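Visitor: Before we start, here is the structure in question, set down as structure tokens.
The values are calculated or read from the model by the stated rules, or taken from the named source; none is laboratory data. As the structure is a prediction and not an experimental result, all values here were calculated from the model. Cβ sites come from the backbone with ideal geometry, for glycine too, and all protein chains shown count toward neighbours. Note: accessible area is taken over every heavy atom of the protein model, side chains too, but ligands, DNA and RNA are not part of it. Shrake-Rupley method; radii C 1.70, N 1.55, O 1.52, S 1.80 Å.
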Amino acid sequence: PPMQFLSFSGDQDEDVTAFLQNVNRIAFTEGRFRDNDWIADYVGACLTGVALDWYARLDEDIERNWRELRIALLQRFMARGDASLAPEPPTATGPLSTTAAPPPLAAPGPPPDRKFQSIAKTGR
């Protein structure tokens with residue numbers, strides 16, 4: 001059977017998350033689920049209207065990278081109320097930004113000197 005092509009125009013009434021889920025399903029059905037280049041090219045072939053105009057202006061590095069393209073699509077076309085669900089944008093220097101882990105807690109020191117404690121309490 002011929003391959004199915006989806007269509008996504010970016011209109012307000014379209015759900016970008018449903019489009020992305022369907023892209024993943026098509027890629028899986030075609031045996032291309034882990035083929036980053038194929039999926040990015042497939043998505044480009046599915047876009048129309050406003051979404052195609054937006055895609056035509058994308059940086060080539062985003063256009064050709066499925067992971068970054070997916071993030072960019074979510075950021076651009078996510079419903080206003082669902083903006084908190086969109087992942088952070090990729091940075092210019094690398095993958096998604098990460099937060100450094102807090103430093104480890106210091107090990108407890110030796111127990112205080114008992115003679116010093118009694119002097120501190122009595123003043124002598």
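Visitor: Can you tally the net charge around Ile62? Count Lys and Arg as +1, Asp and Glu as -1, for every other residue whose Cβ sits under 14 Å from the Cβ of Ile62.
Guide: Details: positive: Arg57, Arg64, Arg67, Arg70, Arg76; negative: Asp37, Asp41, Asp59, Glu60, Asp61, Glu63, Glu68.
Net local charge, Ile62 excluded: -2.
Visitor: Put a dot 7 Å past each Cα toward the Cβ at Trp38 and Asn22; how far apart are the dots in nm?
Guide: 2.0 nm
Visitor: Please work out the average accessible area per residue across region 23-65, using the 1.4 Å probe convention, and give it in Å². Walk me through the numbers on the way to the answer.
Guide: Numbers: 2720 Å² over 43 residues.
Per-residue accessible area for region 23-65 comes out at 63 Å².
Visitor: Asp15 to Arg64: extension gain in nm, 0.36 nm per residue of separation minus the Cα-Cα distance? Walk me through the intermediate numbers first.
Guide: Values: separation 49, 0.36 × 49 = 17.64 nm, distance 2.22 nm.
Answer, rounded to one decimal: 15.4 nm.
Visitor: Also, I was wondering about something else. If I ignore ligands, DNA and RNA and count only protein heavy atoms, how much of Arg70 is accessible to a 1.4 Å probe, in Å² to the nearest 10?
Guide: Per-residue accessible area (Arg70): approximately 70 Å².
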